[in-house]
Amino acid sequence: MNVIVEARYDRLERMTRDYEVSQGEPIMTLSMSEGEIAAMRQGRNPFMQRLSSETIEHYCTGQNFNYAILELGGFVLHSSAVAVDGEAYLFSGDCNVGKSTHAALWLKHFGERAAIINDDKPIIRRMDGVFNAYGTPWCGEKNIGNNIKAPLKAIAFLERSNENSIERMEPKEAFDRLFRQTLHRIASKSGIDALLVQLDELIKAVPIYVLRCSISDEAVKVAYGAMSERASE
């Protein structure tokens, strides 16, 4: 999927540099004028009022991309996505539950076998019957991500616990949790309709778990053993 990004400030230009391609027809153009950026800062949203112009540009072009992708058979899941041995594992949940921390434990445990796809908002899109997780230039405040994709192996919703355990979720609960972690609140009706179809198909194709865990290497072993369907590693 090719997208033209017309960057006005250094941050957006820098973040998109590793995602450049030289072929294929673009499907959309993302850009913001100085007037649009100024209007965002002068609006009623106190969050925007505190941001620099380059941060507003980076944030808003990312939001525009994330909503546009709903019309193109994909969606954003608020999660941290890790690739291990070429397969994607996503960790989702409420804010500050430890998604990035758990993903970092996977990087430490697996070393060169692992890489972060996107530490905040990976794209999930079905292509040729397979759901894949994709990195994008919009990957959270710490800008942790890579221009890679990997077939989606499993998703886990994190809950903090002193004991490590993991169990498969029932479809209804999985749907509810997934929906809450997507960007559905101000999407168009057609975007919402497309999202609901994608979530329904995802639940049928990809196992969804609840992972109750501590911050430990043992948590990685428990999670990977179930999500990869491997007994231990």
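The values are calculated or read from the model by the stated rules, or taken from the named source; none is laboratory data. It should be emphasised that the depicted structure is a prediction, and the values quoted were computed from it without experimental measurement. Neighbour counts run over all protein chains shown; Cβ positions are idealised from the backbone, glycine included. The area values use the complete protein model at the heavy-atom level, side chains included, leaving out ligands, DNA and RNA. Shrake-Rupley method; radii C 1.70, N 1.55, O 1.52, S 1.80 Å.
Over region 1-133, average the accessible area per residue using a 1.4 Å probe and give it in Å², no decimals. Don't jump to the answer; show the numbers that get you there.
On the way: 6640 Å² over 133 residues.
Spelled out: the 1.4 Å probe surface of region 1-133, per residue, equals 50 Å².
Mean-square fluctuations from a GNM of the chain, with a 10 angstrom spring cutoff on Cα atoms, peak among R126, R17, R177 at R17. How much of the accessible area of the chain, probe 1.4 Å, is carbon plus sulfur, in whole percent? Carbon plus sulfur share of accessible area: 48 percent.
What do you get for Rg/Rh over region 89-148 if you use C-alpha atoms and the Kirkwood form of Rh? Can you show the working numbers first?
Numbers: Rg = 11.9 Å, Rh = 12.2 Å.
Looking at region 89-148, the ratio lands at 0.97.
When each full DSSP H helix of the chain is screened for a Cα extent of at least 20 Å along its own axis and an average Kyte-Doolittle hydropathy of at least -0.5, the helices passing are 189-205.
With equal scatterers on the alpha carbons only and no solvent term, can you work out the Debye log10 of I(q)/I(0) for region 61-124 at 0.23, 0.24, 0.26 1/Å? Scattering profile of region 61-124, log10 relative to I(0): -0.92, -0.96, -1.04.
Explain nothing, just the number: dipole magnitude of the chain about its Cα centre with +1 on each Lys and Arg Cβ and -1 on each Asp and Glu Cβ, in debye rounded to the nearest 20.
Numbers: 27 positive and 32 negative charges, 85 e Å.
That gives a dipole near 400 debye.
Once Rg and the Kirkwood radius are both taken over the C-alpha atoms of region 166-209, their ratio Rg/Rh works out to 1.00.
Taken as Cα centroids, region 155-233 and region 5-37 sit 31 Å apart, rounded to the nearest whole angstrom. A Gaussian network model of the chain, with springs between Cα atoms under 10 Å, assigns the largest mean-square fluctuation among V21, V206, V130 to V21.
Note on region 147-192: Cα convex hull, mean projected area over all directions, 5.7 nm². Contact order normalised by length for region 118-227, with contacts defined as Cα pairs under 8 Å and 6 or more residues apart; what percent is it? Computed over region 118-227, the figure is 30 percent.
With the cut-off at 22 Å, tell me which of the pairs K99/K221; K142/K221; K142/K204; K172/K221 have Cα atoms farther apart than that. Could you put the intermediate results ahead of the total?
Details: K99/K221 16 Å; K142/K221 26 Å; K142/K204 33 Å; K172/K221 27 Å.
Pairs exceeding 22 Å: K142/K221; K142/K204; K172/K221.
All Cα-Cα distances of region 1-119, cut into 5 Å bins from zero to the largest, leave 2, 10, 15, 15, 19, 18, 13, 6, 2, 0 percent in each bin in turn. For A133, the residues whose modelled amide H falls within less than 5 Å of its own, excluding neighbours fewer than 5 places apart on the same chain, are A150, L152. Listed by chain and number, the aspartates and glutamates whose C-alpha is less than 14 Å from the C-alpha of K121, apart from same-chain residues fewer than 8 away, are D94, E141.
Of all DSSP-defined beta bridges confined to region 102-231, some 70% are antiparallel rather than parallel. Counting only DSSP H runs of at least 4 residues, each contributing -39500 (n - 2.57), and dividing by the residue count of the chain, the helix-based mean residue ellipticity at 222 nm comes to -11000 deg cm²/dmol.
Between P171, P137, P26, the Gaussian network model of the chain with springs among Cα atoms under 10 angstrom shows the greatest mean-square fluctuation at P26.
Beyond 17 Å, what share of the Cα-Cα pairs of region 132-233 is found? Please give it as a whole percent.
On the way: 3256 of 5151 pairs.
Beyond 17 Å sits 63 percent of the P(r) for region 132-233.
Placing a label point 7 Å from the Cα of A205 along the Cα-to-Cβ line, the residues of region 94-133 whose backbone N sits under 12 Å from it are 124-133.
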